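**Student:** The structure's right below; bear with me while I get my questions together.
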Amino acid sequence: MGEITVSAKTVDDAITEALIQLGVTSDMLEYDVIEKGSSGFLGIGSKQAVIRAWKKKTVQHTDELEELKEEIQEVISEVKGEEKTVKQELKSESKEKKPRREKKERKERKEERKEKETAEVKEEKPVQETKKLAKVQDETIAACEKFLSDVLQAMGMEVKITSRVDEEGALEIVMDGKNMGILIGKRGQTLDSLQYLTNRVANKTQDGYVRVKLDTEDYRRRRKETLENLAKNIAYKVKRTKKPVALEPMNPYERRIIHSALQADRYVTTHSEGEEPYRRVVVTLIRNK
């Protein structure tokens with residue numbers, strides 16, 4: 001979908017509608033206001049707001065940057081392949097342990113799924129948050145920095161790496177350099193994959209659980225603000241139209257941001273639907289009984 005024209009009661013409503021139709025978040029939307037709209041007098045002579053909207057164009061990379069992008073995609077593919085293998089192994093192990101009880105266990109899983117849907121925020125808390133973090137050792141920091149340096153050097157990128165242990169006890173690594181958008185990837189997919197690999201390096205280096213957080217160009221904070229603004233816009237639309245709205249597929253971390261942003265709103269509720277990696281948040285109006 002390219003350029004679209006959207007009309008609504010207000011400019012804010014039109015922007016929200018454009019976000020949904022184009023399937024993008026607010027940081028990827030560009031628009032021109034054609035008509036600001038007016039409420040008229042006692043509803044007489046009112047005019048709807050009209051905007052022209054389109055997806056923000058991404059910067060075209062040179063051949064060299066395209067090659068770097070392909071190399072990063074290989075890293076993502078390896079991570080997905082490894083995760084798929086682990087899931088298959090877990091499935092096989094599970095099948096061996098339930099030879100004559102498939103029906104009973106299938107029923108139990110359905111009941112558990114229903115319970116989880118009623119407590120979505122709890123369901124999507126990462127397992128590692130419940131674990132006590134070990135003190136990050138110097139050799140762990142050195143191993144993580146070396147791993148990232150090797151990966152980035154193989155890609156031909158000059159990146160400054162800065163590490164610190166944050167207030168939660170996690171190892172926070174910030175990367176700074178040119179063309180860092182290539183390390184972020186679509187909706188942070190590449191950055192998340194590198195973070196996953198770096199976490200594995202850290203937890204193989206020392207005993208105890210270590211959590212590693214990767215960031216560049218303040219992406220994590222900017223993405224959080226974007227999702228919180230999107231959540232409020234969607235909630236406003238749901239309250240106005242009284243119809244549920246399903247957001248774009250997101251990873252568990254981003255879904256938790258949406259759940260948390262609307263947790264205090266007494267007029268709407270949120271839950272997730274679908275299977276990974278296409279699981280998405282649905283915002284629904286709470287109807288008075």
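The values are calculated or read from the model by the stated rules, or taken from the named source; none is laboratory data. Note that the structure is a prediction, hence the values are computed from the model and not measured. In this analysis, Cβ positions are derived from the backbone assuming ideal geometry, glycine residues included, and neighbour counts consider all displayed protein chains. Ligands, DNA and RNA are excluded from the accessible area calculation, which covers all protein heavy atoms including side chains. Shrake-Rupley method; radii C 1.70, N 1.55, O 1.52, S 1.80 Å.
**Student:** Filter the strands (runs of 3 or more DSSP E) completely within the range 175-289 down to those with at least 2 residues that are at pLDDT below 95, open to solvent by 50 Å² or more (accessible area, probe 1.4 Å) and in contact with a Ser or Thr (Cβ under 6 Å, 6 or more places away or on another chain).
**Tutor:** Strands (runs of 3 or more DSSP E) meeting the threshold: none at all.
**Student:** Out of the residues in the range 150-203 meeting the condition of being within 28 Å of E276 (Cα to Cα) and of a type in the set (K, R), tell me which one is farthest from the chain's Cα centre (by Cα).
**Tutor:** My answer is R200.
Residue by residue, here is whether (1) modelled with pLDDT of 75 or more; (2) out of contact with any helix residue (DSSP H, G or I) (no Cβ under 8 Å at 6 or more places or on another chain) holds:
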site: V6; (1), (2): yes, no
site: D12; (1), (2): yes, no
site: I20; (1), (2): yes, no
site: G23; (1), (2): yes, yes
site: Y31; (1), (2): yes, no
site: G40; (1), (2): no, yes
site: I44; (1), (2): no, yes
site: H61; (1), (2): no, no
site: L68; (1), (2): no, no
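**Student:** Then there is this: Might you check whether a residue that is modelled with pLDDT under 85 and in contact with a strand residue (DSSP E or B) (Cβ under 8 Å, 6 or more places away or on another chain) occurs anywhere in the range 105-117?
**Tutor:** For the range 105-117, residues modelled with pLDDT under 85 and in contact with a strand residue (DSSP E or B) (Cβ under 8 Å, 6 or more places away or on another chain): present.
**Student:** Moving on. For the range 169-217, how many residues meet the condition of being touching a Phe, Trp or Tyr at 6+ places or on another chain (Cβ under 7 Å) and on the phi > 0 side of the Ramachandran plot?
**Tutor:** Residues that pass the stated criteria total 1.
Results for (1) touching a helix residue (DSSP H, G or I) at 6+ places or on another chain (Cβ under 8 Å); (2) farther than 26 Å from G23 by Cα; (3) touching a residue at least 40 places away in the same chain (Cβ under 8 Å), shown as yes or no for each residue.
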{"position": "K178", "(1), (2), (3)": "no, yes, no"}
{"position": "L194", "(1), (2), (3)": "yes, no, yes"}
{"position": "N203", "(1), (2), (3)": "no, yes, no"}
{"position": "Q206", "(1), (2), (3)": "yes, yes, yes"}
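**Student:** Quick one: what pairs do we get from the range 227-244, first residue more than 15 Å from A261 (Cα to Cα), second in a loop (DSSP other than H, G, I, E, B) and not aliphatic (A, V, I, L, M), C-beta under 6 Å, 6+ apart or different chains?
**Tutor:** If the second residue must be in a loop (DSSP other than H, G, I, E, B) and not aliphatic (A, V, I, L, M), the pairs left are K239/Y267.
**Student:** Scan the range 46-59 residue by residue and report those that are under 16 Å from V24 (Cβ atoms), modelled with pLDDT of 75 or more and either surrounded by fewer than 14 Cβ atoms within 10 Å (Cβ to Cβ) or more than 34 Å from the chain's Cα centre (by Cα) (or both).
**Tutor:** Hit for the range 46-59 is K56, nothing else.
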